[in-house]
Each structure stands twice: as C-alpha cells, then as structure tokens.
1. As a test, work out the antiparallel percent of DSSP beta bridges whose residues both lie in the chain, rounded to the nearest 5.
2. Just the accessible area per residue of the range 292-393, please: how many Å² with a 1.4 Å probe?
3. Among Asn332, Phe17, Leu376, which residue has its Cα furthest toward the positive end of the charge dipole of the chain, with +1 on Lys/Arg Cβ and -1 on Asp/Glu Cβ?
4. If R₀ is 25 angstrom, what is the calculated FRET efficiency for the pair Leu318 and Ala246, using the beta carbon separation as r and rounding to 0.05?
5. Please list the radius of gyration and Dmax for the range 121-249, considering alpha-carbon atoms only, with Å as the unit.
6. Name the residue from Gly115, His135, Leu93 whose Cα lies farthest towards the positive end of the charge dipole of the range 36-192, charges +1 on Cβ of Lys and Arg and -1 on Cβ of Asp and Glu.
7. Can you give the longest run of the chain that contains no trypsin sites (Lys or Arg not before Pro) sitting in a DSSP loop with at most 16 other Cβ atoms inside 10 Å?
8. Subtracting the Cα-Cα distance from 0.36 nm times the residue separation, let me have the gained length for Ser38 to Phe206 in nm, one decimal.
Amino acid sequence: MSMPRLSAPPATAGEIFALVRDGEADTRAELGRITGLSRSAVASRVAALTGLGLIIETEDTHSTGGRPPARLSFDVDAGVVLAAAIGRSRSQLGVFTLGGEFLASDTVEQEIGIGPDELMPQITKRLQALLDESHRTEHRILGVGLSIPGTADTARGCSLDSPIMHGWDGVPLAPFFADTTSAPVFLDNDANAMVLAERRDNRDRFQNALLVKASTGLGAGIVAGGALQRGSLGAAGEFGHTKTAAAAGVACRCGDSGCLEAIAGGWALVRALNEQGREVGHIRGVVDLAVSGDPEARRLIRDSGRHIGETLAGAVNLLNPEVLIVGGDMANAYDIFVAGLRETVYGNATALATKALTIQSTTHGDLSGVIGSAALVLDQVLSARAVDDALGS
C-alpha cells in the first residue's frame, strides 16, 4: 500500500499521472491521500493532465449511496506508438496503444545483408499502412521504437561497430521517419528491447533478470536493481564474441576466431548442418528439424545451450539474477536448448547464486522484440519527467 509523502517535494502532475497510469489511484481523494496534496492542488494537476489528453474522468456508476466519486483512468487511446524489431532476415512491426497493446502488426521478410537505405523505406511504408489498417491515421504518434541486433548507439540512434550489421554502422535511423512523423525515435539493442517487454508484464515479480537471446547471433538483456543496464558504450550483454576454449581456432563471422558464437550461434549451427550436406538456410530450419525429432539438430541445439551456459554461469555469479529468460529462435526448441543450458549454468555457477534462480521462456515469444520496442518508447514519453516537460512544469 502506498503511504502519504511526509517530507518530499510536492508531487508533480507527472507523478500524479504515474499513480493513475500504474493503477495505484483512481480518485482525487486517493491521490490526495497518497501525495499529501490539497484538494485544489490535486484538482489543478488533474485538470492539466486532462487537458493534455492523458487521463479521463468518468462518474462511478457503482456507488452505493451519496454523490459518486469521479474515477480517473489513463486514456490509452490518446495516441499511438510505432515499433519495429529489425532482424537479419525479418523485421516485425506494430502499432500500439499507449497502454502497450497491439492495434496492428506485420512481419517483413528481407534479404540477409540488406542495408538501411533499402530496408528502412519498406518499414516506414508498412508502418503507415498499419496505421491506416488500425484506423489511427489521425491519432497522435507519440514516438517510434526500434531495435536492432548488436550494439546500438542510443544517443545517435544508429548501430555501433556491429560485426553483423554491415552498412548500418553510424547511419542514423530517425531521418527515415521524417515523412511519417515528427515524434521522437528511440533505438536500442534487440535483447534490451526483449527484456523491456518482460519487465512490462513482470515489474513486480523481478528486479534482477538476465535475458539471453539465442538466435542467428547471441546477446543478453540485463536488468539489475530494477533498471535496464546498457553499459558505458551500450555494449552490455554482448557476450556472443566472448572467447571460449571450446571454440579455439574456429573462425567467427566477426573476422576473429574462438568466439562463443562460432560454435553456439544459430549461424554456426546452420553451418554445421550444411557441412554435413544438409540444406538448411536459417536457424529456424534447424529448430524445426530438432522439434520434429532430428537427432543431429537436437544435439546441435542442446550443445549450443551447454556452451552458452558455460559463459552465462559467470554472469549469474556476478549479477545474481532471480530469473534467466530464454528468447530468440532457439527458444522455440526450449526443452532441448534449456536441457544443455541448465546443465552448465547450475554446474558452473555457485550454489548460492543459483539457489533461487528460475529459468523460463519469454512471455511473448517471437513478438518480444517488437513489444519491447514499443515499451522503449512508452517508458520515455510517458515518464513523470516527460509529462512534466510537456506541461512546461
């Protein structure tokens, strides 16, 4: 239960909005009790938020007597956000309410290695079509969220020194949306976006989490102390090119050798099957074979989990997360992959660090990236600070 503020500065309109948005208060009286603000102060802040279109006030029809209190609620239809999770071979798009719910979605299949000048116009065109399909063309677009594989320069809005996003490094992506919207464009790494999707639905369940994306490449999203950890250059979680003894001498697509990805990344599993004369073009094909019972595909995915677990065991010791979340294409062969992962994580990490650790799949499966890209926007444009800035307070 929220307690009244005793000595803090008076609650701002943005903080009032946060209480309503998070469901902690839905009447003026509750807002006054939680914040300690006077009735007139609450009224002025509510009026400002109503004028901004973020909250609505309706009469309570369930009152049992006397004048019913007006109920306050977050107007999730006051605008929309656009989101795109850009991958190596496909991108997932969505239009979302301000509550983070899908209004429309689509998947764009693309050629591996396509550059931003070719792909981004396709994405913006399809997002505009989704706006039309969802009948939200006239709604305010509050922001655009993008996620990409590899390290993202969140300040400049571009890929940063990625060994796999050739042609994308240093190319700002916001200008591609100039004809669609003047709203801000936010960019982050794909694994970070995925862990934001998990945080959206499990905010009260975990404050420390480690999400591993096991797909064509490998990456991790880290939540520590309730906050997403990006690192000083945005490279936190880029563990795929960590050197491992098991990969000694094995060439990696980054141009080096001995990287974890060279034996555990999805592209490496595809390569291994191709070298055996098996025609597989993507890790999704390897997963399909494994799920259908193919023994070699099952071995490769289980071994991938084992190798990844050996590296992640050190991260479990360092971060002591309460949950290890598995996402990406290999999560579709969850039981096979996690059998190997569990073996080495629990075998190599300390007993204390794994005592309460749980391993689970992503809540939203293949849609985690695009949902997290929308959450990236919403966390920014609907924060208490952003709302206060919008009100000029």
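1. Numbers: 31 of 52 bridges.
Close to 60 percent.
2. Values: 4200 Å² over 102 residues.
Accessible area per residue: 41 Å².
3. Among Asn332, Phe17, Leu376, the one farthest towards the positive end of the dipole of the chain is Phe17.
4. Details: r = 21 Å, r/R0 = 0.83.
Once the sixth-power term is evaluated, E becomes 0.75.
5. Here Rg and the maximum Cα pair distance are 16.7, 57 Å.
6. Of Gly115, His135, Leu93, it is His135.
7. 6-139
8. On the way: separation 168, 0.36 × 168 = 60.48 nm, distance 3.45 nm.
So the extension gain works out to 57.0 nm.
The values are calculated or read from the model by the stated rules, or taken from the named source; none is laboratory data. Please read all numbers here as calculations on a predicted model, not as lab measurements. Positions of Cβ are generated from backbone atoms using ideal geometry, with glycine treated the same way; all protein chains shown enter the neighbour counts. Calculation scope for accessible area: heavy atoms of the full protein, side chains included, ligands and nucleic acids excluded. Shrake-Rupley method; radii C 1.70, N 1.55, O 1.52, S 1.80 Å.
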